[in-house]
Amino acid sequence: MTGTTQPKSTRPAPGTRERLRRAPVESGLGMAPDPSSTPERVVVRAPLHDGVRTADGRVLPVLPALLADAGLGYLVFSTARLTGGAPTVDLRLDAAGVPAPDARWLRAELTLLHLDDEVGVGRAEMRDDTGVAVAHVVATFALTGAPAGPGGLATAPATGTTAAGTDARAALPPFDATRLRTEHLERDADGDVVFTPGPSTTNLNGTTHGAVLSGLAAAVQSAHPGAADARPLSTTVEFLRPVQVTDRLRARTVAIRDGRRFRTLGTELLLPDGRTAVRAVGTALRR
């Protein structure tokens, strides 16, 4: 480990449960601190149910992406004492096993690997509540890109109906993960997947949550022709530009490798002006 700071694993700051409850993506997927969490071993969890499982029992990628992105993000946020959320630079999700049929929770043990004045790096190891290893995620956050304030969300100014400091996200609808099921993806006349995030995808800084963008990219790749016969192994996501919740995204996917055993796809999520907001590379094992 390198850098100016060698942090110990630290429990998120007081109020984390309340912040998660007010955040529409986190509350929509039921993310909360796990009862087993301690200051030395930080654990978050989310419920496993049919809405976040695929037909073969695997979890939708948005769920482990959320536990890692939000969990590690809050860990960086609280440890570095930031006033706004540290933007996620990239996230790598490695898929492992299928949760047990009777598993009720997906748990993520969080570790802050590195923190200095510019970046934070964390790891999330995920198992279901029966002990099955489900996923492993490493994410990088940019402290130098953290805004001076939380996008007018976590500390909204006073209005005619709310007091100053009210978390405006509490009034937003919870995110519905089934929007990221392959069968629910919307396509335009050209056959491209299109997606407008909407208010329920809002993150701490007022833009679209990185977990939703990661889940969308993974869903687009799962819907690509020929993907049904492959087992997802890993997805690496780079966040290049913020996505406003009103932006209509267009997804473009190309095959990088299409071999007999492995398949690698590259997906770009494009903003309305054609610039790339997110780039994802996913590798799968052909069955």
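From the phi angles alone, apply the Karplus equation (6.51, -1.76, 1.60; θ = phi - 60°) to segment 116-131 and give each ³J(HN,Hα) in whole Hz, x where the residue is Gly or Pro.
In residue order, the calculated couplings are 9, 6, 10, 9, x, 10, x, 10, 10, 9, 10, 9, 7, 6, 9, x Hz.
Tell me which residues come under 5 Å, amide H to amide H, from Leu48 once H is placed; ignore anything under 5 positions away on its chain.
Those lying under 5 Å, H to H, from Leu48 are Trp105, Leu106.
Across segment 13-124, how large is the tail of the calculated P(r) beyond 25 Å, expressed as a percent of all Cα pairs? Please list the in-between numbers first.
On the way: 1238 of 6216 pairs.
Looking at segment 13-124, the distances longer than 25 Å represent 20 percent of pairs.
Using +1 at the C-beta of Lys and Arg and -1 at the C-beta of Asp and Glu, which of Ser222, Phe239, Val132 has the Cα lying farthest in the positive direction of the dipole of the chain?
Val132
Report ³J(HN,Hα) in whole Hz for each residue of segment 274-280, in order, from the Karplus equation J = 6.51 cos²θ - 1.76 cosθ + 1.60 where θ = phi - 60°; Gly and Pro get x.
Computed from phi, the couplings for segment 274-280 are x, 6, 7, 9, 9, 10, 10 Hz.
Whose amide H sits under 5 Å from the amide H of Thr54, counting only residues 5 or more places off or on another chain, with H placed in the peptide plane?
Counting only residues 5 or more places away or on other chains, the set is Val59, Leu60.
Kindly provide the Kirkwood hydrodynamic radius of segment 192-258 in Å, to one decimal, from all pairs of distinct alpha carbon atoms. Walk me through the intermediate numbers first.
Values: mean 1/r = 0.0763 Å⁻¹.
Value: 13.1 Å, from the Cα pair sum.
Please report, in whole Å³, the volume per residue of the convex hull around the C-alpha atoms of segment 72-145.
Details: hull volume 6.1 nm³, N = 74.
So the per-residue hull volume is 82 Å³.
With the full set of protein chains in place, find how many percent of the accessible area of the chain is carbon and sulfur; take the probe as 1.4 Å.
On the way: 6960 of 13040 Å².
Its accessible area is 53 percent carbon and sulfur atoms.
Per residue, how much accessible surface does the chain expose to a 1.4 Å probe? Answer in Å², no decimals. Don't skip to the end; give the middle numbers.
Values: 13040 Å² over 287 residues.
Here the residues of the chain average 45 Å² of exposed surface.
The values are calculated or read from the model by the stated rules, or taken from the named source; none is laboratory data. In this text the structure is predicted, and so the values were computed from the model without any measurement. Cβ: placed from backbone, ideal geometry, glycine included. Neighbour counts: every protein chain shown. These accessible areas exclude ligands, DNA and RNA; they are computed on the full protein's heavy atoms, side chains included. Shrake-Rupley method; radii C 1.70, N 1.55, O 1.52, S 1.80 Å.
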